[in-house]
Every structure is written in structure tokens, then in C-alpha cells.
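We did not get these values from a lab; they are worked out from the coordinates using the rules stated. Keep in mind the model is a prediction, meaning the values are calculated, not measured. Cβ coordinates were reconstructed from backbone atoms using ideal geometry, including for glycine residues, and neighbour counts include every protein chain displayed.
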Amino acid sequence: MIGPLAVIAMTVACLGAGALTLSVLGLWRGMPPGERAALAFAVGFGLVGWLMFWLGTAALPAPGYLWAGAGLLSLGALKFREPAAAPAAEKPTPVTWMLLALLALVLGLDAAEALAPAADADTLAYHFELPLRFVEAGRVFFVPRATDGAIPLLVHMTYAAVLAMGRAGGGTGDLALTGWTFVSGWAAAALLYALARKWLGVSWSLALALLFQTLPAMIYGAGSGQMEARLAMFALAAAAALIADKDGRRLAPAVLLGLAAGFYAGGKYSGLIFAAAAGLALLSTGGRWLARGAVFGLTALAAGGQWYGWNVLHTGDPLFPMLFTRLGLADHVYWTADQAATFDTYFKTRGNAVRGMLGVLAYPFTVTFFPPAEIDSGRVGMGPFFVMALSAALLGLWLSRGRLRDSALLPVAVLIGAFYLLWINFGVIPKVRHLLPVSAPLLLCLVVAAVRGGGAVVLRPLALAFILTLAAQTAAQGLFARSYIKRLLAGEGRDAFLARVVTDYAPVPWINANPRIKGLLLFDRQLRYTLDVPWVNAHELTQVQIDTRLGRVEPGRFLEQIRALGVTHILFRYAPEAEKPAASAALALDVLERRGCLVVEKTFEVTGYASRTLELKKGERAPKAVWRVRDGPCGIAGGGGRFEKRMRP
């Protein structure tokens, strides 16, 4: 029961913190209740993540203090008692009731996911794993893993807060985490609805929010720990700031814009691109550019810059490890020039998925109809609505071209366009789901342009696009939720469910029950969160402590590296008769076993999944083995040591 209570407490705390901030900025008055709540939650969510960094790097407060802090922030929710602007009155229509029924259905399907253990690979690998590490250690510490450790963690800090609160009184905190992702995964849709009501009726606004919530990338990520669904809140908060700055001269909207951009940058490296685009959008409006620009920049730096300073403090590279070579940094324990060359080559290869101006212009159509595998758009893309609604929006823009310069959405369009052009050129790997945050304000601009500008001539085609897209995406949502509903109906336990949907989960229960495992060498990052034993993860791209790059593995050096980290056991595939690549980890393990340095303790038949949604299994897979690293000398010399960085107690 403590988990749901923690989610409720954190939700009210975010509402209170956001309400106080908007009130101090003078933006609270004149807002209708729905916009107040949605925007306050987005701002409060960012503030909680920001506060947790400063608290956590000193020492994470005990759960009791976090509960007290949540209660203190919740007092700000008293601001909701103040008079609000009355929303435009509108009598519900049959369409409205149908959309509300659909909304209830989608909420129910998402709730089934929230009641199940986390199963998404990235969520298990680091979105939930990092907060768990911090909570167990009682502090935030530097994690020297590229791409999924030493990254901006503002959103993750809200996970740490709710997890710690959910573990009070002996709880596991799992339900607190999944419940929090459920609430925060719907927050952007709520804010999109609230902003849409400035121009659209209830039915159009509901349809717009539902369409966004059921985008393939949202179905995939909103109920998990993925960042993009939460970053969409900040993108919409930035849009709200630009909309609020009617005369282009006020400082308060610039502060809100800076908070939104800073929180985005604090949640993901691509937020730096968003902050640059937000600055350009600000400069495209009104006067007092110097004052407003300075306020925006300083606010954004204060709201999101701490994670980049954290990286500099530990590595010298604010974007660790992407600037290692450019900054000419010397080799150190976390990274080397040799590793940087491997890392840079990989990202250059993946980043070439979009080339030239033609590729930039064709990208939205390419990822919709001909999705390249490199950019993950086949199953987690943006769906067909953007292409279907484009002609209606363009017609609306043409018919209302005389009013475009005065449109409150013009700066929002500048923000979206600037972000896209900067991201496509500097976003490293142009995965389409990274566009999800700005797709929310883009949907707002497209639909408002079509409905308000195009008039009756576009309403029927646009309504048809909504109907077809919502039907397809809701069906996809139902298919995605099938596994979670099956779990509820069957009363399936945690291990049984995870064994059914998580690749190679079979050894985990045995490992967790084995007290002799004091340090596990792990090659499967999707198992990190599920393990109750101390572990270290070897990955050829993201770390240098254990070199597992193909062609670089030498058995003696490998043994020395794992012993230096205190590894007592290794989990790896077991195929003694298969041919192994030269200088590979697989071959090194074979050699070490033959020399008596390792001994197989247990083997497991494992299952791989090409799709956890459809439970599509991969082909033949080699069993997994747990090797024990033998103490003392063996056929190959290796060093000694202890496992210093415990992941789980």
C-alpha cells in the first residue's frame, strides 16, 4: 500500500511546487483550472528532480524526510483554491462522450502495465537501476558508463525520490516506480489538452490528447522509465511560455521558458539542442532581447547545468564521453583514447542514417513509410497522423496567411523547426523517438492550423484522419497491454512474468538465492535491475574497466581485470563446442576454463524475445552458464582485489 501512497504524495508535491513557482512568476492568475494543474505538475516535476540532485550528492534524505519534504511542497497546492479563469462553456456531444470512453479504455490499459513489474530493457538496464543504486547507497554518485550512466539524470532523480518513499516500512518500491511512470506518462497529454483548449473545442482537444498518448513511441515509452514521454512535458511547458509572452517583452515567460529548457537539458543530452532552439524562438519575438535572453539563459543554466558540471568534475568532459577526443583529454580510469576511437566510430556509422538536405526533408516520410532499422522507427515511431494531417494544416496556413505574424503559435513553430534542424544535424543518432517531446507542440500547431485556418473545407478529412489513426493506435495499445492483462487474469507472479517477457531471465532467481556470489560479471544489461547480488557489467562500448571489444580480449588480462573488481562469478552463454572468434570474451572464457581458472557451477536454458509485446521468441540460443572464478593461482596469472561498488545489498 505504501507504493500508491508515495505516488499520490509525490503528485501533490509536484502540483504544489509548480503552483508556487507559477504564482511567484505572476503567471498563475488568468489561467483556467486545467491549464493550472497540468502546467504546475510539469514545472513541479522538474523542480523535484532539480532539488534531488543537490540533496542526493550530499546524502539522500531518509524516506521519512522525503515524506516530510513532499508534505511541505504539497502546501503549495493551496494555491488552487484561488479563483481561476472560467473555461469556455461547451455542452458535451455524443462525440465527446465517445472520446471520454476511449480515454477511460486507454487509461485502463496503461494501468495494467503500471501494476506489473517493469519489463522494458532500457528501464531495467538503467532508468530504474540507477535510482535503485542511489537509494541503496544513500547518495548520488558518479557512474562511469557512457550513454546510460554518466548522463543527465534530472528525471531519474524523481524516480529515486518516489522509490525511496515507496521503500519506507520495508516496501520494495517497485509499485511506486511503475505507478509514478503511469502518472508522469500521462502528464504531457494533460498539458497538451489544456493548451489546445485555448483554440479548440473539448472534442478536438480530447482527440488530440488521445492521439498523442497512443502514438507508437508513447505506447512503448510512457508506461516505462523512458525519458521522452516525460520530456514532452517540458517541451509543452516551453510552448506555454512562448504563448504567454503575448507582447514579447515580459520577463516572467522567459523564466518559465528557461526552466522548461533547463529541465529538458537536465533530462537528456538532446536537451542542449532544445535549449538552443528555445533561445532562438525567444529571440524571434518582441523586444528587450538582451534582458529576456539573459534571463532565459541564466535560468536554463541553473535548472539543468548541474549534470554537465558533474561530468566535468569527474571526467573533464561535460558530455562524457562524446567530447573526450575533441578536448584532448588524457587517459584516465573511466576512459581512454583507444576506447574513444571505438566509441566515435560506432556513433559515426549510426549517425549516417540521414544524409544531405534531401534526407533532412524526407526524414518524416522515410521514418513513417520506409523506417530504417538504425533509427528505431519501425515499432516506436510517430505514427501516420502527421503525414495525414499535413495537407490540411498547410491549407489552413495558406487560407489564414494574413494572420500568421500575429499568431501566438508562431514562436512555437519556430521552436519546433529550429529543434528539428539542429537535432538532425547534431543529434548523433537520429532515432525518431527522440522527436517525441517536440511532437506534442507540433501536433498542437498542425491541428490548430487546420481547424482554425482551414475551416469547414478541412474538417471532414481531418476528422477522418483522427478516426483512422485513433482506431489503429488504440488497437496497438490493446495489443501492447495484452501481456499485462494476461498476467492480471492468471495471477502471475513476478518471476514467472519476467521469465515470460525478459530475454535471458532464467538464471536470475538462482543467482539471487546464491549467497556465495559476491560479485557477478554480467554481459546482459537488461538484467541489472532484477539482480539482488553485487554485479559489474561488461560492455564493449560503454566502459573500459573490463575490455571486451572483439579482437582485444586476452585471457590473462581479462582475468586480471575481473579479479581487480572482485568478481567471483560470471554469467555468460555456454557453447563449448561452438567456434569462437579470435580474441573474444567467449574464447577467453573457454581458455580460462581449460586452464582451471574458471569452473561451471550451473547452466540454464534461456529464451530470447524478438518482441516482448507479441512474445515472439528468437531462434536457437546457447544456454547460459554461471562460472565461478577460482581463488588462488591457476594456469594463467591474474591479479586480486575486491568488488568495490555494490549494486544491490
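Between ARG403 and LEU421, residue separation times 0.36 nm minus the direct Cα-Cα distance comes to 4.0 nm. Cross-link reach is defined here as a Cα-Cα straight distance under 19 Å, omitting same-chain residues fewer than 8 places apart; for LYS246 the aspartates and glutamates meeting it are GLU35, ASP406. Taking other Cβ within 10 Å of each residue's Cβ, how do ASP174, ASP247, ASP331 sort, fewest first? Going from least to most buried by this count: ASP247, ASP331, ASP174. Gyration tensor over the Cα atoms of the range 503-629: the corresponding equivalent ellipsoid has semi-axes (square roots of 5 times the eigenvalues, largest first) of 22, 18, 15 Å.
The distance separating the Cα centre of the range 58-111 from that of the range 209-266 comes to 16 Å. Once R0 is set to 22 Å, what does the formula 1/(1 + (r/R0)^6) return for the Cβ-Cβ distance between VAL24 and ALA58, expressed as a FRET efficiency to the nearest 0.05? That pair, VAL24 with ALA58, gives E of 0.30. In terms of other Cβ atoms within 10 Å, TYR420, TYR346 run from fewest to most in the order TYR346, TYR420. Each peptide in 84-91, 218-225 was scored by the mean count of other Cβ atoms within 10 Å over its residues; highest first, the order is 218-225, 84-91. The range 147-169 and the range 1-41 have Cα centres separated by 20 Å. Over what distance in Å are the Cα centres of the range 409-488 and the range 511-546 separated? So the two Cα centres are separated by 38 Å.
Can you say what percent of the DSSP beta bridges in the chain, counting only those with both residues inside, are antiparallel? Round to 5. Counting only bridges with both partners in the chain, antiparallel ones make up about 70 percent.
For the chain, the longest principal axis of the C-alpha atoms and the axis of helix 356-369 are separated by about 90°. In the chain, helices alone account for a calculated mean residue ellipticity at 222 nm of -18000 deg cm²/dmol, with every DSSP H run of four or more residues adding -39,500 (n - 2.57). Against the main long axis of the alpha-carbon atoms of the chain, helix 436-448 sits at an angle near 20°. Residues whose amide H comes within less than 5 Å of that of LYS602, counting only those at least five positions distant or on another chain, are VAL626 (H built at 1.01 Å from N in the peptide plane).
For the listed residue pairs LYS580/LYS618; LYS348/LYS624; LYS268/LYS348; LYS268/LYS617; LYS580/LYS624; LYS268/LYS624, the alpha carbons are over 26 angstrom apart in LYS348/LYS624; LYS268/LYS617; LYS268/LYS624. At a Cβ-Cβ separation cutoff of 4.7 angstrom, cysteine residues of the chain with no neighbouring cysteine are CYS14, CYS445. Using the average count of surrounding beta-carbon atoms within 10 Å as a protection proxy, the listed peptides 518-525, 392-399, 360-367 rank, highest first, as 518-525, 392-399, 360-367.
Helix 174-196 and the longest principal axis of the C-alpha atoms of the chain enclose an angle of approximately 30°.
Amide H to amide H, which residues 5 or more places from TRP535 or on other chains are under 5 Å from it, using H placed in the peptide plane? When sequence neighbours closer than 5 places are left aside, the close amide H contacts are LEU520, MET647, ARG648.
Karplus-based coupling profile of the range 601-615, in residue order and whole Hz: 8, 7, 10, 9, 7, 10, 10, x, 10, 6, 8, 6, 5, 8, 6, with θ = phi - 60° in 6.51 cos²θ - 1.76 cosθ + 1.60 and x standing for Gly or Pro.
The phi torsions of the range 502-515, fed into the Karplus equation with coefficients 6.51, -1.76 and 1.60 and a -60° offset, translate into couplings of 10, 4, 6, 7, 3, x, 4, x, 5, 4, 5, 8, 9, x Hz, rounded to whole numbers, with Gly and Pro shown as x. Residue exposure proxy: PHE142, PHE369, ordered by other Cβ atoms within 10 angstrom of their Cβ from fewest to most, comes out as PHE369, PHE142. In this structure, ALA513 and LEU323 have a Cβ-Cβ separation that, at R0 = 41 Å, corresponds to a calculated FRET efficiency of about 0.40.
For THR607, the residues 5 or more places off, or on other chains, whose built amide H falls under 5 Å of its own are ASP504, TYR505, ALA506. Ordering 44-56, 583-595 by mean Cβ neighbour count within 10 Å, with the highest value first, yields 44-56, 583-595. Here the simple spin-label model places points 7 Å from the Cα toward Cβ, and for ILE485 and HIS539 these points are separated by 3.4 nm. A Förster radius of 25 Å, combined with the Cβ-Cβ distance separating ASP344 from PHE141, puts the computed FRET efficiency at roughly 0.40. The phi torsions of the range 131-148, fed into the Karplus equation with coefficients 6.51, -1.76 and 1.60 and a -60° offset, translate into couplings of x, 4, 4, 5, 5, 5, 7, x, 6, 8, 10, 6, 10, x, 10, 5, 6, 9 Hz, rounded to whole numbers, with Gly and Pro shown as x. If you take the Cα atoms of the range 381-468, find Rg, then find the Kirkwood Rh from the mean of 1/r over all pairs, what is Rg/Rh? My calculation of the ratio gives 1.00.
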